[in-house]
Amino acid sequence: MSFTPAPWPRKLRSQEWYGGTTKDSIYHRGWLKNQGYPDDLFDGRPIIGVLNTWSDLTPCNGHLRELAEKVKAGIWEAGGFPVEVPVFSASENTFRPTAMMFRNLAALSIEEQMRGQPIDGAVLLVGCDKTTPSLLMAAASVDMPAIVVTGGPMLNGWFHGEAVGAGTHLWRFSEAVKAGEMTQQEFLDAESAVTRSSGTCNTMGTASSMASMAEALGMALSGNAAIPAVDARRRTMAQLTGRRIVQMVKDDLKPSDILTREAFENAIRVNGAVGGSTNTVVHLLAIAGRVGIDITLDDWDRLGRDVSTIVDLQPSGRFLMEEFYYAGGLPVVLKRLGEAGQLHREALTVSGAQIWDEVKGAINYNEEVIRPADRPLTEKGGIAVLRGNIAPNGAILKPSAASPHLMKHTGRAVVFEDIDDYKAKINDDDLDIDETCIMVLKNCGPRGYPGMAEVGNMGLPPKVLKKGITDMIRISDARMSGTAYGTVILHTSPEAAVGGPLAVVRTGDMIEVDVAARRIHLDVTEEDLAARLAGWEPTHDRATSGYEWLHQTHVGGADTGADLDFLKGCRGAAVGKDSH
Ligand code: FES
């Protein structure tokens, strides 16, 4: 794509507040001057919002205040005027019922913070899972120059001489305790070893996947995704990002110039190549919805089919983000896709250059971590989209994290009506279940949970684990953590809480799964299914007021990104009336 920079100098939107000699401009300038800013900072230079998702209760982003200082240094150096703005921070590891319920609320509030305040561009300082998509969604809807810098992954965890990954080893250790292979005390000892430095999850979980998506979309500087949080080069990246946004504002390089269909197709392929999180599906669909790009689940299936997973990172593989960075990081993956004809080389990035120009010189320093084309981690990476009478609008599965022997399987359904039902039954040795069964969890979708919690990778029953079995097919309308693994069919749409066919699956029904044929089928007659659906009644609309009500009333299906219906689309950055 070619981009023609806007002429400079010209009047920027911040001058609507700070330019001129009227009562209103004196009022606005005067107030900001109480922070000690001299006159010449109001001369029409770009004012840059450093939108910071730091929070003590988002520990993954706990170091972003220090990083913000480097961003600001870069903005000053380039002749801009930085203003740091705290924004809604939805932490994965604290928010209840689930951070995902607040992704859209965060995007809504941040969109208004961007539009309603005197900034000309924004640095999106993000990290934890939902912070990256929520700020990208907001920036896309405002369409003001914006650039992402992530906080970076934490250092490798180490426990009993083994490198351990955040999230992934929580699941592994938890199952090991249930199987009697690990003591509870050892599990407690591991607690501080897994997450031992600042930064986001160090696996290719959702945070690292979304950082990779931001880079692949062209919304972050090349090389941003993998630099560890505590590496000095992360701070350098923050400073360079600060410098860059000033020029982006002068050039008027906006998200709508970068977030094209080609950019999304690149990101989808990258997600397959890195073995990225299933959560990127809902987030990219939502971001695309904000810029009016018609990306669908079928694009995910089509574009991912011929992409091999070449990055050998947990949860699909062996290594962690530290090794990925030392091997060369995402530019190596992008280069490989470009060489294979699987990259739109001309896609524009925040640098103003085409993506190929940024990655064509990348070098792979470790072919164990980023594998050669003839030795991929998984031949068919990507996301498989299954359809059938249980999931007419689709359900997804991550083949690189699944068990090959379960990719074609017919089993007896063991149904849990919701997460409470699952918790009440799963540890009961009288539960009629074995490893050939298919576990079905309902009412955990965007509306049902509410918020589409990461419970789709429900733990196996202890009596199965004790046999040494580590995987069974699980089907739900939930999500799963990007750090999780297994033959887990997720995002089943329409969800149970809106009367999708998943709602009427019964224990004892037979279910056929055939990933190669992209098929998921409930083995009942059409008449039987229709009769069951006719008798279905909603059971999980709980809220009558507040944000939970707004969410349950307006949230869309996982197959379209689970955004709120009234937030789709780009509303622009036009300045409203002044009230003074
Ligand atoms: Fe925040 Fe993983 S829980 S990055």
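The values are calculated or read from the model by the stated rules, or taken from the named source; none is laboratory data. Owing to the predicted nature of the structure, the values given are computational and were not obtained by experimental measurement. Note that we place each Cβ from the backbone using ideal geometry, even for glycine, and neighbour counts take in every protein chain shown. Ligands, DNA and RNA are stripped out before the accessible areas are found, and what is left, the full protein with its side chains, is counted by its heavy atoms. Shrake-Rupley method; radii C 1.70, N 1.55, O 1.52, S 1.80 Å.
Considering the stretch 114-135, and only residues there that are in a helix (DSSP H, G or I) and over 17 Å from V71 (Cβ atoms), the residue that is farthest from the ligand (Cβ to nearest atom) turns out to be R115. For the stretch 136-146, the criterion of being open to solvent by less than 10 Å² (accessible area, probe 1.4 Å), among the hydroxyl-bearing types (S, T, Y) and more than 22 Å from G292 (Cβ to Cβ) is met by no residue. Of the residues making up the stretch 329-347, those that are open to solvent by less than 40 Å² (accessible area, probe 1.4 Å) and more than 13 Å from E215 (Cβ to Cβ) are G338, Q342.
Among the residues of the stretch 76-105, the one identified as crowded, with 16+ Cβ neighbours inside 10 Å and of a type in the set (K, R) is R103.
Among the residues of the stretch 385-420, those identified as of a type in the set (A, V, I, L, M), modelled with pLDDT of 95 or more, within 26 Å of the chain's Cα centre (by Cα) and surrounded by fewer than 22 Cβ atoms within 10 Å (Cβ to Cβ) are M407, I419. For the stretch 156-172, filtering for residues that are within 13 Å of the ligand (Cβ to nearest atom) and in a strand (DSSP E or B) leaves 1.
The lone criterion from (1) in a loop (DSSP other than H, G, I, E, B); (2) of a type in the set (S, T, Y); (3) open to solvent by less than 70 Å² (accessible area, probe 1.4 Å); (4) over 30 Å from E92 (Cα atoms) left unmet by S25 is number (1).
Please verify whether V71 is away from the ligand (no atom under 16 Å from the Cβ), of a type in the set (A, V, I, L, M), surrounded by 13 or more Cβ atoms within 10 Å (Cβ to Cβ) and free of Cβ contacts under 8 Å to residues at least 40 places away in the same chain, treating the condition exactly as stated.
no
You will find that of R290, R318, the residue that is within 22 Å of A373 (Cβ to Cβ) and either surrounded by fewer than 20 Cβ atoms within 10 Å (Cβ to Cβ) or of a type in the set (D, E, K, R) (or both) is R318 and no other.
One residue stands out among those in the stretch 174-230 that are of a type in the set (V, I, T) and away from the ligand (no atom under 16 Å from the Cβ): the one that is surrounded by the fewest Cβ atoms within 10 Å (Cβ to Cβ), which is T183.
Scanning the stretch 440-491 for residues that are crowded, with 24+ Cβ neighbours inside 10 Å, β-branched (V, I, T) and more than 16 Å from the ligand (Cβ to nearest atom) yields V440, I473, I475, T487, V488, I489.
Scanning the stretch 353-383 for residues that are surrounded by 16 or more Cβ atoms within 10 Å (Cβ to Cβ) and in a loop (DSSP other than H, G, I, E, B) turns up A362, N364, V369, R371, P376, L377, K380, G381, G382, I383.
Close Cβ contacts (under 6 Å, 6 or more residues apart or on different chains) running from residues in the stretch 407-436 that are free of Cβ contacts under 8 Å to residues at least 12 places away in the same chain to residues that are outside any strand (DSSP E or B) comprise K425/L431. Listed by first and then second residue, the pairs with beta-carbon distance under 9 Å, at least 6 apart or on different chains, first residue in the stretch 330-349 and in contact (Cβ under 8 Å) with a residue 40 or more places away in the chain and more than 9 Å from A273 (Cβ to Cβ), second among the small types (G, A, S) and in a strand (DSSP E or B), are T349/A220. In the stretch 84-97, of all residues being among the β-branched types (V, I, T) and away from the ligand (no atom under 12 Å from the Cβ), the one that is farthest from L135 (Cα to Cα) corresponds to V85. Among the residues of the stretch 522-569, those identified as touching a residue at least 12 places away in the same chain (Cβ under 8 Å), open to solvent by 70 Å² or more (accessible area, probe 1.4 Å) and closer than 30 Å to G121 by Cβ are F566, K568.
Just one residue in the set A214, A166 is within 16 Å of E92 (Cβ to Cβ) and out of contact with any Phe, Trp or Tyr (no Cβ under 9 Å at 6 or more places or on another chain); that residue is A166.
Of all residues in the stretch 244-270, those that are more than 26 Å from I119 (Cβ to Cβ) and free of Cβ contacts under 8 Å to residues at least 40 places away in the same chain have Cβ atoms under 7 Å from Cβ atoms of residues that are among the hydrophobic types (A, V, I, L, M, F, W, C) and not in a helix (DSSP H, G or I), 6 or more apart or on another chain, in R261/I293.
Only one entry of E181, E191, E215, E175 meets the criterion of being among the charged types (D, E, K, R) and assigned to a loop (DSSP other than H, G, I, E, B), and that entry is E181.
The number of residues in the stretch 56-68 that are open to solvent by less than 20 Å² (accessible area, probe 1.4 Å) and within 16 Å of the ligand (Cβ to nearest atom) comes to 6. A single entry from R243, R269, R261, R235 fulfils the requirement of being away from the ligand (no atom under 16 Å from the Cβ) and in contact with a Gly (Cβ under 6 Å, 6 or more places away or on another chain): R243. Would a scan of the stretch 129-136 turn up a residue that is modelled with pLDDT of 95 or more, more than 30 Å from A574 (Cβ to Cβ) and polar (S, T, N, Q)? No, the stretch 129-136 has no match at all.
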